[in-house]
Amino acid sequence: MNLSNFGMDTITLAGTLEAKLEASRVAGFTQLMLWAKDLVNYPGGLDAAVQLVRGSGVRVTGIQVMRDYEGLSGTLHDYKVDIAKSMMRICHAVGAPLLMVCSSTSKHASGESGKIARDLAKLATLGVPLNVKVGFEALSWGRNISEYQQAWEVVEMADHANLGVVIDSFHMLANGAELDSLGQIPGSKIAMVQLSDFMWREIRSSEERLETARHMRVFPGEGEHSAELSALVRSIDRAGYRGDYSFEVFNDDYLQMAPELVAQRARGSAKWVTDQVLRRSLQIRQDPRGQQMAL
């Protein structure tokens, strides 16, 4: 793990797409997670947005976000597959290697794990010719999949090389998830790691969960769960994950700040995260006086 593995999510930054790309670059990041709406809502149109991003020198780590996809049937399923194809074409156009898919909240979605796994495998197959991988994330308020272990279960069941699980620290912290099972997920099957924290030790209601998720996340190192976040990133690193980390920080206060200042906060957070892994990975040796020393 090093600083080049880290980037932000555009949802964290105020301003235009140009301003977000520039703030990210100036802060020293080489990558950025985009939302499809960043591109399709660009004043010059989608083609101009793609040209802007590709010319910026900033690598796109993925496109957010396919919602309420899995577990549907009939015309609803066909409709969502058509939406997914459109989003994958956007991924391909902008050079994004990953389409983010979050677990369904739809009352119309089946909770049958075999059906969910088959739907995810179908989506992963659609992405192969476009070189777009699918990453599946458990929303902590997902109707049928709300824990990262459940997301991994259906990804493992789907058994598709173009499908992986997304680890999102906010949803894990909000659920009070145990971290022991993280070690059971091979690093090669983790498609993306999204990091954020929040400012209180527990979530007391479903309303507070949504409010916190959408308005008051903070960067790792700024919140109340630093010990848990440290354990999480160390566990993922030990599992062999060597991919990207994205700061997905929904924060209304940050949206009232200049994007370059928020990007600098993100850069400080990236250094904090890498320190949590590297500092605790130091080997121990004995000095001539018999005392332990960190290498």
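Once the Cβ-Cβ distance of L76 and A19 is raised to the sixth power relative to R0 = 45 Å, the FRET efficiency obtained is 0.75. As an equivalent ellipsoid, segment 110-208 spans semi-axes of 25, 15, 12 angstrom, where each value is the square root of five times an eigenvalue of the C-alpha gyration tensor, largest first. The distance from the alpha carbon centre of segment 95-115 to that of segment 205-277 is 23 Å, rounded to a whole number. Classify segment 149-189 from the C-alpha gyration tensor, please: rounded if a/c falls under 1.5, else prolate or oblate depending on whether a/b exceeds b/c. Judged from the Cα gyration tensor, segment 149-189 comes out prolate (a/c at least 1.5, a/b above b/c). Translational D (Stokes-Einstein, µm²/s) of segment 156-221 at 25 °C and 0.890 mPa s when Rh comes from the Kirkwood sum over C-alpha pairs? Rounded, D is 183 µm²/s. Averaging the sequence gap over all C-alpha pairs within less than 8 Å and six or more residues apart, then dividing by the number of residues, gives segment 168-254 a relative contact order of 43 percent. Annotation: extensible slack from L46 through L261 equals 74.6 nm (criterion: 0.36 nm per residue apart, minus Cα-Cα distance).
Taking the empirical scaling 2.2 N^0.38 Å for compact globular proteins as reference, segment 130-270 has a Cα radius of gyration ratio of 1.05. The HN-Hα couplings worked out from phi for segment 173-178 by the Karplus form 6.51 cos²θ - 1.76 cosθ + 1.60 (θ = phi - 60°) are 5, 5, 8, x, 5, 7 Hz, whole numbers, x standing for Gly and Pro. Distances over 15 Å make up what percent of all Cα-Cα pairs in segment 37-84? Everything past 15 Å amounts to 59 percent.
Taking every C-alpha pair closer than 8 Å and separated by at least 6 residues, the mean separation divided by the residue count of the chain gives a relative contact order of 20 percent.
Model label sites at E112 and K37, defined 7 Å from Cα along the beta-carbon direction, differ in position by 3.4 nm. Can you work out the base-10 log of I(q)/I(0) for the chain at q = 0.08, 0.09 1/Å, using the Debye formula on its C-alpha atoms alone? Per q value, in the given order, log10 I(q)/I(0) is -0.34, -0.43.
Each reported figure results from applying straightforward, stated rules to the coordinates on display, with no laboratory input. No experiment lies behind these values; they were computed from the predicted model shown. No Cβ is skipped: glycine too gets one built from the backbone with ideal geometry, and neighbour counts run over all protein chains shown.
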